Amino acid sequence: MIKKCPVCERTYSDESISFCLADGALLSAPEKTDAAPTAVLPSSLRPTEQSKQPALTPTMTSLTPPEPVLPVGADKPPRLPRTNPLVNLGREILFPLIAVIAAFIVGGVVILIIGDSPIQTYKLLIGSAFSWPDGIGYTLFNATPLIFTGLAVAVAFRCGLLNIGAEGQLYVAAFAAAWVGFKFGAQDPGNNVITPFFHLPAIVLVPLCCIAAIAAGAIWGGIPGLLKAKFGSHEVINTIMLNFIAVALLSYFTQYHYKVPGDPIMQTTPISPSADLTHLGKFIPGLPARIPLNLAFLLAILACVLVYVFLWKTKWGYEMRATGANPSAAEYGGVSIRKQIILAMAISGGLAGMVGINEVLGYRHRYYDGFSANYGFVGIAVALLGRNHPVGVFLAAILFAILLRGGIFVDAFTMHVSKDIVDMLQGIVIVFVAAEAMFRGPLKQFGLFKKAKI
């Protein structure tokens with residue numbers, strides 16, 4: 001049966017179409033012809049509406065909607081081009097790179113106004129971080145805690161949360177690692193402060209200390225997640241307050257329970273030598289053992305890989321990212337928003353807690369009160385500059401570690417510029433990252449700043 005549109009005169013042969021797909025006009029009734037009448041089935045033999053639908057299979061949850069019917073002679077809609085993941089990743093890295101270059105230009109103007117040479121200052125700032133072996137060794141060592149805290153903040157960001165409490169979480173984790181280290185391992189004969197429970201070997205004690213650090217950070221990070229999921233309290237306020245609580249509690253335990261009598265430094269008794277992490281100088285030729293770069297750096301690289309796999313290659317990571325992108329749509333699709341909030345904050349806290357592995361097991365070999373150089377807060381800047389992606393976080397952490405290392409030489413070998421130039425450059429970088437529209441608008445014509453999905 002042929003139907004015709006009275007406006008555009010297009011014809012349709014599908015009986016289910018009553019309106020023109022081009023202009024929405026009501027289709028005209030079928031024209032009368034002199035053709036022989038067709039046989040009509042009895043009503044008992046006619047197919048019902050339900051019989052016309054395909055039967056559901058065990059793997060189908062709903063009927064698949066039919067494909068749209070195109071007018072006669074119309075072309076099929078073109079397929080959307082596939083996006084290259086490397087191109088998307090390049091776009092995401094390109095903009096932070098431009099922000100860093102712009103920050104260095106502004107910093108150079110400030111240095112010139114102060115009265116020093118920007119070229120010589122930047123030569124000291126960057127060149128000292130790439131000298132071998134001290135420059136590279138200490139740069140990678142400084143980057144290790146920033147990778148952990150950057151990943152911690154990035155995971156929370158992906159779920160739509162802002163974890164300001166990485167500082168408190170890494171302190172709690174460091175104390176937990178130290179406590180397990182001196183309570184479950186053999187102590188030196190002259191140490192009468194701590195009586196260990198067990199004398200575990202290194203092959204057991206080191207993993208146990210690492211698990212204790214991650215678990216302590218996850219628990220401390222999961223508390224604000226639980227409060228937000230159950231009572232709706234904002235995670236920013238909760239994490240900030242928990243930072244103060246963590247530092248105060250750990251200072252009390254260090255001072256009155258686990259400190260060596262007569263020691264003027266606020267630190268606990270040393271952990272068991274069996275809990276020490278091996279320095280990479282034992283495996284890399286030319287890298288002295290005095291440089292504290294240890295196996296925790298390899299754990300940081302492994303953490304970047306695992307976070308990427310979790311967020312982009314697993315169902316749980318997809319649900320977490322969906323919650324951060326649109327909580328209402330995620331909940332409509334069957335995702336438990338409360339569960340994702342608690343899970344994201346716990347994982348974030350566990351990643352921040354891995355800083356304790358580097359500081360306690362690989363460097364100080366005890367808990368030192370106030371050891372963090374604001375790693376938890378600098379991790380926020382690392383995550384923002386790295387676009388909340390593990391690859392970007394790793395590169396941003398390396399950049400910030402270069403600035404930290406080079407600031408020492410700038411402070412020592414320039415006339416007017418101090419190491420505060422590092423804080424200034426970090427602040428300018430974040431300002432330019434926040435002012436993304438300032439760069440995106442003028443350069444949009446080149447097609448470099450299209451929103452990428454990575």
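Data for the structure
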read-out	value
Residue within the stretch 328-335 that is in contact (Cβ under 8 Å) with a residue 12 or more places away in the chain, outside any helix (DSSP H, G or I) and either out of contact with any Lys or Arg (no Cβ under 6 Å at 6 or more places or on another chain) or of a type in the set (Ser, Thr, Tyr) (or both) present	yes
Counted residues, the stretch 192-251 - those being of a type in the set (S, T, N, Q) and either touching a residue at least 24 places away in the same chain (Cβ under 8 Å) or in contact with a His (Cβ under 7 Å, 6 or more places away or on another chain) (or both)	4
Single residue of Phe244, Phe297 found to be modelled with pLDDT of 95 or more, among the aromatic types (Phe, Trp, Tyr) and surrounded by 15 or more Cβ atoms within 10 Å (Cβ to Cβ)	Phe297
Residue in the stretch 269-278 that is within 30 Å of Tyr258 (Cα to Cα), assigned to a helix (DSSP H, G or I) and of a type in the set (Ser, Thr, Tyr) present	yes
When residues of the stretch 283-327 are limited to those that are β-branched (Val, Ile, Thr) and in a helix (DSSP H, G or I), the one farthest from Val355 (Cα to Cα)	Thr323
Leading residue by the ranking (nearest to Val355 (Cα to Cα)) among those in the stretch 210-260 that are part of a helix (DSSP H, G or I) and of a type in the set (D, E, K, R)	Glu235
All helices (runs of 4 or more DSSP H) inside the stretch 344-442 with 1 or more residues being charged (D, E, K, R)	390-413, 420-434, 436-440
Cβ pairs under 7 Å, 6+ apart, first in the stretch 388-402 and touching a residue at least 12 places away in the same chain (Cβ under 8 Å) and under 19 Å from Leu299 (Cβ atoms), second surrounded by fewer than 24 Cβ atoms within 10 Å (Cβ to Cβ) and among the aromatic types (Phe, Trp, Tyr)	Pro390/Tyr308
Filtered residue count, the stretch 124-175, keeping only those that are of a type in the set (Ser, Thr, Tyr) and closer than 27 Å to His416 by Cα	4
Which listed residue is crowded, with 16+ Cβ neighbours inside 10 Å, under 20 Å from Ile428 (Cα atoms) and at pLDDT 90 or above, from Ile105, Ile93, Ile111	Ile111
Qualifying residue in the stretch 258-279 (condition: under 30 Å from Pro327 (Cα atoms) and surrounded by 21 or more Cβ atoms within 10 Å (Cβ to Cβ))	no
Flag for Pro207 being in contact with a helix residue (DSSP H, G or I) (Cβ under 8 Å, 6 or more places away or on another chain), surrounded by fewer than 21 Cβ atoms within 10 Å (Cβ to Cβ) and over 15 Å from Leu351 (Cβ atoms)	no
So Leu343, is it at pLDDT 95 or above, of a type outside the set (Lys, Arg) and buried (at least 20 other Cβ atoms within 10 Å of the Cβ)	yes
Candidate set from the stretch 379-398 (those that are surrounded by fewer than 24 Cβ atoms within 10 Å (Cβ to Cβ) and hydrophobic (A, V, I, L, M, F, W, C)); member that is nearest to Asp134 (Cα to Cα)	Ile398
Filtered residues of the stretch 399-454 (kept if small (Gly, Ala, Ser) and either at pLDDT below 85 or loosely packed, with under 15 Cβ neighbours inside 10 Å (or both))	Ala412, Ser418, Gly427, Ala434, Ala435, Ala437, Gly441, Gly447, Ala452
Test: residue in the stretch 239-256 that is under 22 Å from Phe377 (Cα atoms), in contact with a helix residue (DSSP H, G or I) (Cβ under 6 Å, 6 or more places away or on another chain) and not aliphatic (A, V, I, L, M)	yes
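Residue by residue, here is whether (1) among the acidic types (Asp, Glu); (2) touching a helix residue (DSSP H, G or I) at 6+ places or on another chain (Cβ under 7 Å); (3) under 21 Å from Phe141 (Cβ atoms) holds:
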residue	(1), (2), (3)
Ile237	no, no, no
Pro261	no, no, no
Asp276	yes, yes, yes
Pro285	no, no, yes
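The values are calculated or read from the model by the stated rules, or taken from the named source; none is laboratory data. Not measured: the values here are computed from a predicted model. With ideal geometry, Cβ positions are generated from the backbone for all residues, glycine too; neighbour counts draw on all protein chains shown.
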